[in-house]
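> Okay, handing you the structure first.
The values are calculated or read from the model by the stated rules, or taken from the named source; none is laboratory data. Given the structure is predicted, the values throughout are model-derived calculations rather than measurements. Virtual Cβ from ideal backbone geometry, glycine too; neighbours counted across all protein chains shown. Note: accessible area is taken over every heavy atom of the protein model, side chains too, but ligands, DNA and RNA are not part of it. Shrake-Rupley method; radii C 1.70, N 1.55, O 1.52, S 1.80 Å.
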Amino acid sequence: MNAVAETIADAVGGSRWLRGYVRGKLGSDPVFEAGRAVVARTGGPVVDLGCGLGLFGLWLRQLEVDAVYRGCDLGRWKIEAGQRAARQLGCEDFQLRVADMTNFSLEGARTVCAFDVIHYLDAAGQALLMERLIDAARRGATVLIRTGVRGCGWRSAVTRAEEWWTRASGWIRGGKINFPRLEDLHGVFAAAGCRVEVRPLWGKTPFSSYWLEVTAPTDLPLARTWTTD
Ligand SMILES: C[S@@+](CC[C@H](N)C(=O)[O-])C[C@H]1O[C@@H](n2cnc3c(N)ncnc32)[C@H](O)[C@@H]1O
C-alpha cells in the first residue's frame, strides 16, 4: 500500500509538502480502504462528491478496481492537479469537474461517496444533499459517507479545531463548519426506510469520524445502535 501511495503522490506532484500530504493521507486514512472494499463489491460508476484531488479514484485504479469514476470539487487547482495525475497514470473513464456537490449529477451511479465534505454545507444544503442521496439509494446506489460528528466528546472538539486550522492556513476556503449529529444523519436515512450501517472510522486519528453505508430501502431495515462517547 505504501508503494501505491508513493506512486499517486509522485503523479500528483507539486510541492514537497503536497506530495507528503498525499502520501501521508493515503498511507494512514482508513477511508480509502473502506471505500475500495465496497466498490470492489458494488462496482461503478462511482460519483465522488467533494473529491479534492480525486485521491479515492486514483487509489481505486492503482488497486485495480476499474470502475468508471466521476468526481467534483469546488477547488479548481485540486481538480486540475487530479486531472494531471489521472492522465499521468493512464486512467480512462476518469472525470474530475469543478462543480458543487449539491447539484452534481448522480445519474447512473452505483456508488456515491461523500468523504469529509458534508460539514461544509449549512442545514438547508445538508437537507438537500440527503434528499439526493436517499433518491440515489432508492435507484440502487450504495451511498458511502464519512464525516466528523458533533456530540462525540473530546473527538468532536479536536475535529472542530482542526477544521478551524484548515481555514486559517488557507488549505480550505469557504463553506461552513457544520458537523451533523450522528443520530440525525442516521435518522434521516432510516426515516426514508434505507438500510444504514454505521461504525466509527477514525483510524489512529483523534477525530470524530464515522462511516455510514446506506443502501436501498428494504422491508427489514437493519436496526443499529452505537455510542459516541
Ligand atoms: C476535507 S476535503 C476532502 C477531500 C476528499 N473527499 C478526500 O477525502 O480526500 C473536503 C473537500 O470538499 C470540497 N468542498 C467543500 N464544499 C464543497 C461543495 N459545496 N461542492 C464540492 N466540493 C466541496 C473542498 O474544496 C475540499 O476539497
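> Tell me which residues, restricted to region 40-69, are assigned to a helix (DSSP H, G or I) and either over 21 Å from Val22 (Cα atoms) or open to solvent by 30 Å² or more (accessible area, probe 1.4 Å) (or both). Lay out the reasoning, then the answer.
Looking only at region 40-69, we keep the residues that are assigned to a helix (DSSP H, G or I), and these are 40-42, 55-62.
Scanning region 40-69 gives Ala40, Arg41, Thr42, Arg61, Gln62.
Every residue, every condition in (1) in contact with a Gly (Cβ under 6 Å, 6 or more places away or on another chain); (2) part of a loop (DSSP other than H, G, I, E, B); (3) over 26 Å from Gly203 (Cα atoms); (4) of a type in the set (Phe, Trp, Tyr), yes or no:
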residue	(1), (2), (3), (4)
Phe104	no, yes, yes, yes
Ala109	no, yes, yes, no
Ala114	no, no, no, no
Gln126	no, no, no, no
Asp135	no, no, yes, no
Thr147	no, no, no, no
Ala161	no, no, no, no
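> Now a separate question. Identify all residues within region 165-189 that are modelled with pLDDT of 95 or more and either open to solvent by less than 50 Å² (accessible area, probe 1.4 Å) or within 16 Å of the ligand (Cβ to nearest atom) (or both); write none if there are none.
At the first step, the residues of region 165-189 found to be modelled with pLDDT of 95 or more are 179-189.
Within region 165-189, Phe179, Pro180, Leu182, Leu185, His186, Gly187, Phe189 qualify.
> What are the pairs, 6+ residues apart or on separate chains, where a residue within region 1-21 that is in contact (Cβ under 8 Å) with a residue 24 or more places away in the chain has its Cβ under 8 Å from a residue that is among the polar types (S, T, N, Q) and surrounded by fewer than 16 Cβ atoms within 10 Å (Cβ to Cβ)?
That search, which allows pairs on different chains as well, returns Ala11/Gln88.
> I need a count of the residues in region 87-121 that are free of Cβ contacts under 8 Å to residues at least 60 places away in the same chain, of a type in the set (Gly, Ala, Ser) and more than 14 Å from the ligand (Cβ to nearest atom). Talk me through it step by step, then tell me what you get.
First, the residues of region 87-121 that are free of Cβ contacts under 8 Å to residues at least 60 places away in the same chain: 87, 90-107, 121.
With the extra rule that they be of a type in the set (Gly, Ala, Ser), the set shrinks to 90, 99, 105.
Still in the list and also more than 14 Å from the ligand (Cβ to nearest atom): 90.
Result for region 87-121: 1.
Every residue, every condition in (1) touching an Asp or Glu at 6+ places or on another chain (Cβ under 9 Å); (2) under 30 Å from Thr42 (Cα atoms), yes or no:
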{"residue": "Arg167", "(1), (2)": "no, no"}
{"residue": "Ile177", "(1), (2)": "yes, no"}
{"residue": "Arg195", "(1), (2)": "yes, yes"}
{"residue": "Trp202", "(1), (2)": "no, yes"}
{"residue": "Trp211", "(1), (2)": "yes, yes"}
{"residue": "Val214", "(1), (2)": "yes, yes"}
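> Also: Within region 147-154, identify whether any single residue is farther than 24 Å from Glu213 by Cβ, in contact with a helix residue (DSSP H, G or I) (Cβ under 6 Å, 6 or more places away or on another chain) and open to solvent by 50 Å² or more (accessible area, probe 1.4 Å), and answer yes or no.
Among the residues of region 147-154, not one is farther than 24 Å from Glu213 by Cβ, in contact with a helix residue (DSSP H, G or I) (Cβ under 6 Å, 6 or more places away or on another chain) and open to solvent by 50 Å² or more (accessible area, probe 1.4 Å), which makes the answer no.
> May I pose another question? Taking region 47-76 only, how many residues are more than 12 Å from the ligand (Cβ to nearest atom) and either farther than 14 Å from Gly35 by Cα or not charged (D, E, K, R) (or both)? Let's see the steps before the verdict.
Pass one, region 47-76, residues more than 12 Å from the ligand (Cβ to nearest atom): 60-70.
From what is left, the residues that are either farther than 14 Å from Gly35 by Cα or not charged (D, E, K, R) (or both) are 60, 62-63, 65, 67-70.
Counting residues in region 47-76 that are more than 12 Å from the ligand (Cβ to nearest atom) and either farther than 14 Å from Gly35 by Cα or not charged (D, E, K, R) (or both) gives 8.
> Suppose we filter region 9-39 for residues that are open to solvent by 20 Å² or more (accessible area, probe 1.4 Å), within 20 Å of Leu96 (Cα to Cα) and in a loop (DSSP other than H, G, I, E, B); how many remain?
Residues in region 9-39 being open to solvent by 20 Å² or more (accessible area, probe 1.4 Å), within 20 Å of Leu96 (Cα to Cα) and in a loop (DSSP other than H, G, I, E, B): 1 in total.
> Can I ask one more? Scan region 38-53 and report the pairs whose first residue is farther than 29 Å from Lys176 by Cα and whose second residue is open to solvent by 20 Å² or more (accessible area, probe 1.4 Å) and assigned to a loop (DSSP other than H, G, I, E, B), with Cβ atoms within less than 6 Å and a gap of 6+ or a chain change.
Thr42/Arg110; Gly43/Arg110; Gly44/Val68; Gly44/Arg110
> A follow-up question, please. Could you pull out the residue among Glu80, Glu6 that is within 13 Å of the ligand (Cβ to nearest atom), open to solvent by 60 Å² or more (accessible area, probe 1.4 Å) and out of contact with any Pro (no Cβ under 7 Å at 6 or more places or on another chain)?
Working: Glu6 fails: within 13 Å of the ligand (Cβ to nearest atom).
Sole residue among the options that is within 13 Å of the ligand (Cβ to nearest atom), open to solvent by 60 Å² or more (accessible area, probe 1.4 Å) and out of contact with any Pro (no Cβ under 7 Å at 6 or more places or on another chain): Glu80.
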